[in-house]
Amino acid sequence: MEKNKLGYLPDERPSFWHAIIFAVQQFLVMLPATVLAAMLMKFNIPTAIFSSGVATLVFLLVTKGKIPLYYGSSFSYIPAVSIVGASFMTNWQTTNLIDKSLLGPIQIAIMLSGLISIFVGFVVKKFGRNKIDEILPPVVTGPVAAIIGLSLAGNAISGVFEINTRSNMLNIIPMIVGIVTTLSIVTLTIVLKKGFISQIPILIGMGIGTFTHIIIALIMQENPFAFGANMQDGGIKLLNWTIFTTFSEMNLSALPTALLAIVPIALVTIPESTAHVYQLDLYVNNLA
């Protein structure tokens, strides 16, 4: 990689140790996003991670490794799943887990949504990308991807401005760490212009945030490795469910609501995925 370039060209490869560092940065960025989506939808987290890994491997096999994309949890499903949960659970907002009887209808709806995406993929393969460009031009796909991220900004804010359940006061540690981490990443992205270090501002910023958290926690005589003030009741239970709900456990009355709320999300994930591919295309073909 030449010093005046901002990345690697398609025929270039980073060194082994650079690749490891890039992988760690990608892991720290994508895994929390996948886990967060599962938490917000009150899904089984190990299942979400497993499904994400399988989807990524299948995508890489189908594309023969030519498109380096990671397939995580789509945040666009969160509002739809929330509608189903809130419609059939009176304690949806306060419980850590969704009613198991609702998992079946939700799973069926998500699978049907995925089948629609696969169908659209075959249509694009047969008739060409121009057809999808006519229906979903970049001026549509770009804002859709942005809206999905911005719609969840409130969750990030609520995580930073956390109320300590023991004192009912604002927990200052997450607030300071969140601000320091965000400012560090933004500053590093602007300041670092060349070389390998310019490729890992997120990793460096997260390191600064972690170091800040440890220092502040020690000063305040708290455990820096605790999971937060709201976790002393045992935290989120991760392994309460099997991967799939059996038919006898399904609440079939929730199926129509699940289908109406979740299946149309395919119309959102298609431009979302298209936007990702467009961004990679612009990056690769305009890098030199």
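The values are calculated or read from the model by the stated rules, or taken from the named source; none is laboratory data. Predicted model, so just to flag it, every value in this text is computed and none were measured. Cβ atoms come from the backbone with ideal geometry, glycine included; neighbour counts cover every protein chain shown.
Please work out which residue is farthest from Leu102 (Cα to Cα), limiting yourself to region 8-61 and to residues that are assigned to a loop (DSSP other than H, G, I, E, B) and of a type in the set (Phe, Trp, Tyr). Working first, answer last.
Here is the first cut: in region 8-61, the residues assigned to a loop (DSSP other than H, G, I, E, B) are 8-15, 41-44.
The next check asks that each one be of a type in the set (Phe, Trp, Tyr); those that pass are 8, 43.
On the way: Tyr8: 46, Phe43: 11 Å.
Per the stated criteria, the residue is Tyr8.
Determine, yes or no, whether Ile116 is assigned to a helix (DSSP H, G or I), β-branched (Val, Ile, Thr), surrounded by 13 or more Cβ atoms within 10 Å (Cβ to Cβ) and at pLDDT 75 or above.
Numbers: assigned to a helix (DSSP H, G or I): yes; β-branched (Val, Ile, Thr): yes; surrounded by 13 or more Cβ atoms within 10 Å (Cβ to Cβ): yes; at pLDDT 75 or above: yes.
When the stated conditions are applied, Ile116 passes them.
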- Among the candidates Lys64, Lys42, which residue alone is modelled with pLDDT of 80 or more and at positive phi? Lys64
- Message: I'd like the full set of residues that are within 19 Å of Pro14 (Cβ to Cβ) and without any contact (Cβ under 8 Å) to a residue 60 or more places away in the chain, limited to region 195-217.
- Response: Ile197, Pro201, Ile204
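Hey, could you check region 145-170 for residues that are part of a loop (DSSP other than H, G, I, E, B) and either touching a strand residue (DSSP E or B) at 6+ places or on another chain (Cβ under 7 Å) or surrounded by fewer than 12 Cβ atoms within 10 Å (Cβ to Cβ) (or both) and say which is modelled with the highest pLDDT? Show your work before the answer.
Within region 145-170, the first condition is being part of a loop (DSSP other than H, G, I, E, B), and the residues that meet it are 151-152, 161-162, 164-169.
Next, only the ones that are either touching a strand residue (DSSP E or B) at 6+ places or on another chain (Cβ under 7 Å) or surrounded by fewer than 12 Cβ atoms within 10 Å (Cβ to Cβ) (or both) stay: 161, 166-169.
Numbers: Phe161: 79, Arg166: 70, Ser167: 69, Asn168: 73, Met169: 75.
Here the residue is Phe161.
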- Task: Would you be able to say whether some residue in region 9-30 is modelled with pLDDT of 80 or more and closer than 25 Å to Ala258 by Cβ?
- Result: no
